[in-house]
Structure formats: structure tokens, C-alpha cells
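The values are calculated or read from the model by the stated rules, or taken from the named source; none is laboratory data. Bear in mind that the values here come from a model prediction, so they are computed numbers and not experimental data. Here the Cβ is made from the backbone with ideal geometry for all residues, glycine too, and neighbour counts use every protein chain on show.
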Amino acid sequence: MVFRSSRRRRTIPLVTLGALTAALLPHVATATPAHDAAADPAAHVNPLIGTKGGETWPGADTPFGMLQWSPENTKGNQNRTVRPGGYGYDHTKIRGFSLTHLSGTGCAGAFGDIPFLPHPGEVTTSPTADLTDSVYASTFSHANETAKPGYYSVKLDSGARAELTATTRTGSGRFTYPDGKPATMLFRTSSSEVGSSDASVRIDPATRTVSGSVTGGNFCGYINEVGRRSYYTLHFTAEFDKPFTSTGTWQDDKVTPGSTTARGGTGWTTGSFPNAGWPVPGKGSGGYVTFDTGGQPVNVRVGISFVSADGAKANLRAENPTGTTFDRVRANAYDAWKRQLSRVKVTGGTPDQLATFYTAIYHSLLHPNVFNDVDGSYIGMDQKVHRVTGRQRAQYANFSGWDVYRGQLQLLTLLEPGVGSDIAQSLYNQAQQNNGIWDRWTHGAGGTHVMTGDPGPVSVASIHAFGGTKFDTHGALRSMTTSARTVKPEDLSRDGWNVMVVGQRPSLDKYLSQHYVPADGNAWGGAGETLEDVAADFGIAQLAQRLGDTRSHDEYLARSGYWRNVFNPATGYIQDRKSDGTWSTPFDPAGDQGFAEGSSAQYTWMIPFDVRGLADAMGGDAATIARLDKFFRKPDGSWALTKSGGAHSEMDNEPSIGAPWVYNYVGAPAKAQQTIREVLNTLWRNAPDGIPGQDDLGAMSAWYAFAAMGLYPQYPGRGELLLSAPLFPKITIDRANGSRITINAPGATTTTAYIAAAKLNGRTTTATWLPESFLNGARLDLTLTTTPTPWGTAPPSYPAPTTPPTFTPTTSPLLTPHKLTTTPPR
């Protein structure tokens, strides 16, 4: 997503084509000492991976949990230095521990609701007015910090210690205060990461309860005014095990000792980027209580709900009732992660590889999040109360569509087909509640419109292909085909341009009539939007075929061929094109004109379903291999995997992550294997900066997890997997539906990057891909080597059945008749 970051590692010499075919007797490496992770995969997870640059957070949660209790960091300006996810490893001051977070977002403002702060001091001034966080915050050392699955603790330099754990919808906190100082707890109810439009707090000393709510949203709102709005209210109730010795509240700069209620949000500053959309300095409300600890920790149980105050109470009673100890909740949270991560068991690997691998899976399973209360109720995209019904077990929210459709949802569904089914139903429910619009980036109960393309329908198709089939498949297909055929006012609108264009398919009218999205349309990059749209169309075609809708399959498969209309034969690149058919000039393949978060050189490889067609358009296998070599290498032969300019790959961002596998299609699978292994070995590691770029709600971590297993879900809406060399000698995947996948690769090490031979279910194969039937249970046996081999035949491509019209740069487009409908304005 927006505001990428990355870093480059070491380089190794170029392996030539001659070396690929000369290795007739490759050396088979021996295994490194085995580290059996099967007994407890959760023990290898390091939640601090990615907290420096990856925008991840280290706090306590459960798989897909509604609540994530994690610190909010600051560098001394509470209104402008918030990191996405609330935590930056290089920010050594904490201003609270909030109850909701998203992992790896490029934009700040994804939750950070209801920060609690144990403050060993009195409240004499308003915490909201402490704009530099000089009073109501504390420094800390990472040496005093512990992060494990389901548990987080830190000893603040103020002397207070916080320990946090969670259930799906509740949290448990244990706070220790230093002797001889006041024991105060602050509730910064209005201080979500990028502010709030309303907030309230109510303190009830008789029941030792603090409750309230915050109304917010504003995701990416400081970038574009379209996002500067509220679309969810979070309710909370917190029950303490010790009585309150005093209470108080504040609003803006006024503190009221003895008060038990307060109300008021921060509001947002006005104007334009980068100075707008942040909390108004000095505005907001909250409350505080004090305790006589008697030298003992203060325990609190917190329930949350996006529906109502009663819902928060009911969630607390159901999941974390009175008498439940902190240690019991912590043990249950850890066990939940242990069970979840045990669906993938590996043997071998170094401790750092195991930490990186299992943390990648951990990060891949943080989102989307359960959004309904224990009684099944949830707030829909229409801001009305709905209820989970039928086969659906949970409604999910927080869907980073542009990112996660490329692998995270496939990994999630591979492990948990039932969760995948519920996510597919959730996306369909959201579209039904949103006037038929499948918003590409949903947050809480609202659509943010962030990024490009039409990822919702292709995500549902991919979930179905990976076994998540228990949802209203026919209803979802009707909805997605209708939205992709019917031009709505939002599709014609330029509101939100460029990061947050409001339409599901911006310039859909042009796409339907001209068969590409033009440069002078209203999308964030016409050429890139075209590639995203054809990937979505291909995915829809695959789902339609599975459901027996031949007409829709044929229509959308033909539309998937529209990528050719933005491929310029004169330059050999995907290129931005105007409505009159002329190419946008001047053209630089390293430039980003026509693309979101990438260049023409990076996006040109993004034709995942018709790589054969792309290679032929580029001039054949040899020409494509030469292009790939220049893409992944600098002129001196060293690697160019990130931060090497727009002419080269950015393997820390989604448009490039499928490019290494293109080698498989053009007769050089060993080069794919070498490139993938170099990315695994150098861009990812067991360290705070161990994720290259933002993790995008687990999208990049899912890429790592798949690649470390030697697999990749290349095709939108299909279940085939591309093949490379795994990092581990044995991998067992136990799917929740009872299927078991076993991958044996004796001798797998960091340096055994190449496949010399393969057997699928006992039969020799040279295919560099695995059929969809592999997902239903299979055994793959691989022989790996340290040197390149000629092993491997090309995967299939799925071109459109007929060639769409192509245009010359100097003539107007040839229009193909297409029924165009328009809905009336709302």
C-alpha cells in the first residue's frame, strides 16, 4: 500500500544460461542440524519482526481476533508522528495501550482505539493538551519488552509495567505500579491513531467499571478528504479487580477531578495534504481512576463491540467472565495460536528460518478480523445492525483487497477453508449492504476505496478455488458480474483521486467500450487499472465456470484479454494510453505514469494468467529471459531486488512479487528458483526490520510463507500452485477440512535452491506447477541440489479465446459492441 519502504542486502554473482544446462551431475547438499518445529510452532514466532519498517505491531491477540491490545508509540508529537499500526521499533516512548490495530498498513489511522495508560502520578493537566507527550507518556527499553503469540509485556521507565493478553473479543490486562507513587490509569477514549469525531467515557466506582465508546475511521484521511469521515463506533467495558480511590475526567484542556463522565472527539484538521486530516491539537476527552494497590498488580478484563455497549458487556461475559485469571486467558491465547500454526509443520531449518517462517504465517492470520458479537450481530456497510445467519459462522472486516488477493487469502483458505468461506460471504454481505459496490479496502463498517483495481470479486473466486466454497456462491457471482457490467455514478466520479477513487471500477464506461482504462480517465493510473481489471475478470470467469455459468465464463475470459490493448508492441511494455488510442508520451519504462505504486517495467509482468501470451508479445522465450535478467540484475550482475530504481524489481511490493515465476514459463525454471531463494535469504530475516516494506495485512508475509514452502498461487481464481525449492526438508500441511499435503525435500538447506527431480504421488513429473487436485491431499517428493539443473517444463497459460481488438498509436480505438447500462444517481 502507499508509502513503501525497503532495503537492499548482499549480492551474489550472476548464474548464466550456460550454467543452467551444464550441471549434469549436480551436488546434492546434506541437511543442516534439524530443528523440529512440530511440537510447538508458536514458540518460534517473534512478533517484533517487521516492527521497524514493516508497520507490524507486537501486541496480544488471537487468530483473526476482533481485539488486538498493543502499544501506541510516539516521538513527541501525538498528532503527527503516529506510525501505521501504532508502533515503530525506533519510537522509544509509549503513550498508551490501545485495543484495536491493523498490521502493516501504509496509511496511519487504522484503529488504535481506547488507549489505556498506567501512569504512576497524578493527573493535574489534561492529557489531551500534552501535545508533546512529555507528561503522560513514558520511555522504555526493548530489553524490558516481551512479545509472544497472545501476550505482550513491557516495563516502562516510569516504573509501571503492563502485561496484555486477549480472547477473540476481549482483553485481559495486568498492570504493576512502583511503590510509593500514585497508581493511575488513563483512558484516552478520543485518542485513536488519527483521531475521532466523537468519544465518551463513564466511570462507575460502585461496580469498578469504566465504559464508553469512540467513533472514528479516517483511514488515509490525511491524504484525501474523501477518507476524512467516521464509519464505525467501538464500544468498550472494562472491569477492574480493585476499587477506585478517586476518579476524574478531562475534555480538551480542562480537567475535572471527581467527575465520572466526559464526552468529545478530537475532530480533524482541515485543508490539504500533508497538513490536514490529523487530530485537532488539544481537543478530545477521556477519564482516569486511581487505585490503592497494596503492592499488588491491578487486573482488568475488557470487552469490546462494534455494535453496542450491551454487546461489549455480553462479549465480556461470554469470553472472559468474572473470575477468569490473566494467566488462564494468556494460556488459552497461546494455545489458540499453537493449534492454528500447527496446521503447518516443518522439520529442519535454522532457528532464524523457523522464526521468520512461523512469524510470516502468524502475520498472515491476523486479518481479516471477526466483526460480529457473540450473538451474531454486527454493523453492516449500510450502518444497520445485521446478524450472521445460515452456514456463515462469523462476519469478518478489515480487507486490504489490492494486497491480499495475491496470496494471503489463498494461504488462509488453504489452512482454514471454513474461515475462507466466511470471508467470502462477508465480502458479499458488504457489497449487498453497499448498493452492490465491492469496495476494494474495507475498514470496520466502512469502505475506504484505497488503492486500485477490483479485488473483492477476484478474492472470492480465489477463496472458492482453494476450497472455501460454503457461501452464497451464486448470489456472489450475480453481484460481481452485475457490478462489472453496470456503470454506476461512482465509476464515473473522480472523487478521491488518486489514492481513494470512490468507484469500484473507475472509468468502467471506457473499459466496456474501449477495452482498456484510458490515461485520461478517473482511475489511479489507467494502464495499471487495466491490468487489475483483467485479473479480476479472469477470476470471475473461473468462478463462473465452476458454477456452470458458461455465458459469464466466456464473457469474462474474453475480457481478460484486454491487457493486450495497453501493451505497446513498439516499446514492449504495458503503457498508459489515452482515450483516442494514442500512447501517453514521453514514455519511460522506469516511470510510474499510469501505475499505482510501481513502474511500467514492474507492472508489465503482471499478467499472471497468460504469461505465455506476454512472452510471445515480448518476442519469445529468449527475449523474455533477457528482459527478466535485466529486471532482477544490475548491469554488473549484482542483484536488483529492491531500491534499485523503477527499471528493476521491487520484491517488497505486490506488483513485482509474481515476476520471478515468469522464468518457469520460458524455459528457465532454475533462474526462478535462484531468484526466489535470493529473496528469501536476503530480504527477510528474524529482526525488527526483517520484512522488506509494509506487510499489508499479511500479504507480503503470505508470499514468504508460500515461497519458503516452494509454492506460489499464480492464477487469480484458480488453485494451481507454481513450484520452486522449499527451505525445509519436510513440510506437512493439515488442512481444517481433513486433507493432508506432504512435501519431502531431503537435504533442503539455505543453499539448495534448485530442483533436480520431482515425484507427485509417486509418479515422476517435470511440471513446474501442481494441479488443483494437490489441494485435496497429496505427496510431493523433491530432489534438491546446490547447482542449477535443466529440470522443469512450463506451467499452463489461459489466454482469452479470441484476440481483442488492438489499436495503432495514431488511430482512434475500434469499438466492439457491448451492452452498456447505467444506474440512476442515488
**Message:** Checking the conditions here, which among Glu225, Glu239 is among the acidic types (Asp, Glu) and within 26 Å of Gly104 (Cβ to Cβ)?
**Reply:** Glu225
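Evaluate segment 397-405: report whether one residue or more is small (Gly, Ala, Ser), part of a helix (DSSP H, G or I) and out of contact with any Pro (no Cβ under 9 Å at 6 or more places or on another chain).
At the first step, the residues of segment 397-405 found to be small (Gly, Ala, Ser) are 397, 400-401.
Then keep just the ones that are part of a helix (DSSP H, G or I); that gives 401.
Those still in the list that are out of contact with any Pro (no Cβ under 9 Å at 6 or more places or on another chain) too: none.
Within segment 397-405, not a single residue is small (Gly, Ala, Ser), part of a helix (DSSP H, G or I) and out of contact with any Pro (no Cβ under 9 Å at 6 or more places or on another chain).
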**Prompt:** Within segment 175-187, is there a residue that is in contact (Cβ under 8 Å) with a residue 12 or more places away in the chain, of a type in the set (Asp, Glu) and touching a strand residue (DSSP E or B) at 6+ places or on another chain (Cβ under 9 Å)?
**Reply:** no
**Fill in**
Within segment 468-483, the residues that are over 14 Å from Gln432 (Cβ atoms), of a type outside the set (Ser, Thr, Tyr) and either surrounded by fewer than 24 Cβ atoms within 10 Å (Cβ to Cβ) or without any contact (Cβ under 8 Å) to a residue 12 or more places away in the chain (or both) are Lys470
**Complete:** Within segment 667-685, the count of residues that are assigned to a helix (DSSP H, G or I) and in contact with a Gly (Cβ under 8 Å, 6 or more places away or on another chain) comes to 2
**Request:** Return a yes/no flag: does segment 327-336 have any residue that is at pLDDT 95 or above and part of a loop (DSSP other than H, G, I, E, B).
**Result:** no
**Fill in**
Those residues of segment 137-160 which are on the phi > 0 side of the Ramachandran plot and out of contact with any Asp or Glu (no Cβ under 8 Å at 6 or more places or on another chain) amount to Gly159
**Message:** For segment 343-381, which positions are among the polar types (S, T, N, Q), in a loop (DSSP other than H, G, I, E, B) and surrounded by 18 or more Cβ atoms within 10 Å (Cβ to Cβ)?
**Reply:** Asn372
**Fill in**
Screening Gly303, Gly277, Gly376, Gly311 for residues that are touching a Cys at 6+ places or on another chain (Cβ under 9 Å) and closer than 30 Å to Leu427 by Cβ leaves only Gly277
**Prompt:** Has segment 399-413 got any residue that is under 21 Å from Pro63 (Cβ atoms), surrounded by fewer than 24 Cβ atoms within 10 Å (Cβ to Cβ) and modelled with pLDDT of 95 or more?
**Reply:** no
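Taking the stated definitions as given, is Thr168 of a type in the set (S, T, N, Q), part of a loop (DSSP other than H, G, I, E, B), in contact with a helix residue (DSSP H, G or I) (Cβ under 7 Å, 6 or more places away or on another chain) and at pLDDT 95 or above? Reasoning before the result, please.
Working: of a type in the set (S, T, N, Q): yes; part of a loop (DSSP other than H, G, I, E, B): yes; in contact with a helix residue (DSSP H, G or I) (Cβ under 7 Å, 6 or more places away or on another chain): yes; at pLDDT 95 or above: yes.
Against the criterion (of a type in the set (S, T, N, Q), part of a loop (DSSP other than H, G, I, E, B), in contact with a helix residue (DSSP H, G or I) (Cβ under 7 Å, 6 or more places away or on another chain) and at pLDDT 95 or above), Thr168 qualifies.
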**Request:** Take segment 671-699 and flag every residue that is under 15 Å from Leu727 (Cα atoms) and small (Gly, Ala, Ser).
**Result:** Ala672
**Request:** State all residues of segment 189-223 that are touching a helix residue (DSSP H, G or I) at 6+ places or on another chain (Cβ under 8 Å) and among the aromatic types (Phe, Trp, Tyr); if no residue qualifies, say none.
**Result:** Phe219
**Message:** I'm trying to understand the selection: among the residues of segment 740-783, which are among the basic types (Lys, Arg) and either part of a loop (DSSP other than H, G, I, E, B) or touching a strand residue (DSSP E or B) at 6+ places or on another chain (Cβ under 6 Å) (or both)?
**Reply:** Arg740, Lys759, Arg779
